[in-house]
Amino acid sequence: MDKPAPTTEDQVETELSVRLLGSGGPWVDAHRFGPSTLIRFGDERLLFDTGRGVGIRMVQAGEEPGDLDTVFITHHHLDHISDLADVMITSWLRGRRREMTIYGPPGTKAIVDALLNLVYAKDIEWRSVGEPTWGGWQPVRAVDVEPGVVVANDRWTVSCDYVVHGHKLGFRKEFVKNWKCLGYRFEDAGGRAIVVSGDTIDCGGIRRLAKDADVLVQCCFANRGECEGNPHLDRVAEFTLADTRQAATIAQECNVRHLVVTHIRPKSRERMAEMRREIRQVFRRKLTVGRDMALVRL
């Protein structure tokens, strides 16, 4: 007996894309907002980090903040969580009617609790009680996570691993013990994988996550050429944020199909061209030198 013809649903994969909402860092830059990456899987939106201006960039991208209910935080530096409260509250004001869940390293729950119950408690109550058109406050739940599977359903899985971001800069042991930084890997049921590095140098965690990924969104603060002869930038590249050589090597040796570099230090047009050339010396597959609003479709 002949097999039935495949349905349209069988033939067409769910739309999957990744967009850099913000490609900068802690500095104020009119062209590069704070770090934030949006994965779009069909009608679902997954947001990774909530840097400065994320809500503005979502609207500029044609995305509705009210559709957002799943957020992943890589670590607790200002530039990655500065607009966390804005995401929680603005998504509600824009129509969110579901619970929002925020996943992040240990300490995320305490930060979210403080924002909701202390910093913005009056604002939330005022709008919830005094302006009933908003439909009453829609809850936010925070979950502290450790390496392994973070969320899994029949459509996609997000897992995480620890990455190295300044851990050997000479901090107190107590600080290092509590300084947990994460990278994330999104993988759909068909095996397509997108990795968001967070802030990291080349390390075991990012390599485990990046293995055979379709897209690696990798922090790449400085060019190798900028670091040579500059003690400050060289130290950043050694301990804190990957430079071009590290980003390219991670992608090449982990068999990444498409490297997207982000968290880029302000630089001239000539330095931007140099960044591409330096990466191309090591990595020859698809490359996107990130800018705000850059979109990659899988």
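Structure data summary
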quantity: Subset tally (residues that are in a loop (DSSP other than H, G, I, E, B), farther than 13 Å from residue 226 by Cα and either hydrophobic (A, V, I, L, M, F, W, C) or in contact with a Ser or Thr (Cβ under 7 Å, 6 or more places away or on another chain) (or both)) for segment 236-253; calculated: 1
quantity: When residues of segment 86-106 are limited to those that are more than 12 Å from residue 73 (Cβ to Cβ) and among the small types (Gly, Ala, Ser), the one surrounded by the most Cβ atoms within 10 Å (Cβ to Cβ); calculated: 91
quantity: Residue match in segment 85-92 (condition: in contact (Cβ under 8 Å) with a residue 12 or more places away in the chain and part of a strand (DSSP E or B)); calculated: no
quantity: Residues located in segment 121-150, provided they are β-branched (Val, Ile, Thr), under 20 Å from residue 98 (Cα atoms) and buried (at least 17 other Cβ atoms within 10 Å of the Cβ); calculated: 124, 140, 150
quantity: Condition check for residue 221: farther than 25 Å from residue 104 by Cβ and buried (at least 19 other Cβ atoms within 10 Å of the Cβ); calculated: no
quantity: Segment 236-251 residues that are free of Cβ contacts under 8 Å to residues at least 40 places away in the same chain, paired with ones that are of a type in the set (D, E, K, R) (beta carbon under 7 Å, 6 or more apart); calculated: 237/243; 243/224; 244/224; 244/278; 245/224; 245/278
quantity: Segment 107-120 - residue that is aliphatic (A, V, I, L, M) and within 20 Å of residue 69 (Cβ to Cβ) and, of those, surrounded by the most Cβ atoms within 10 Å (Cβ to Cβ); calculated: 112
quantity: Candidates 241, 216, filtered to the one that is surrounded by 15 or more Cβ atoms within 10 Å (Cβ to Cβ), touching a Phe, Trp or Tyr at 6+ places or on another chain (Cβ under 6 Å), within 24 Å of residue 75 (Cβ to Cβ) and not basic (Lys, Arg); calculated: 241
quantity: Residue tally, condition within 20 Å of residue 73 (Cβ to Cβ) and touching a residue at least 60 places away in the same chain (Cβ under 8 Å), over segment 126-159; calculated: 4
quantity: Residue ranges of strands (runs of 3 or more DSSP E) in segment 254-298 with at least 2 members on the phi < 0 side of the Ramachandran plot and surrounded by fewer than 19 Cβ atoms within 10 Å (Cβ to Cβ); calculated: 286-289, 295-297
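Computed from the coordinates by the stated procedures, all read-outs in this text should not be read as laboratory data. Small disclaimer: the values here were computed from a predicted structure and weren't measured. In this analysis, Cβ positions are derived from the backbone assuming ideal geometry, glycine residues included, and neighbour counts consider all displayed protein chains.
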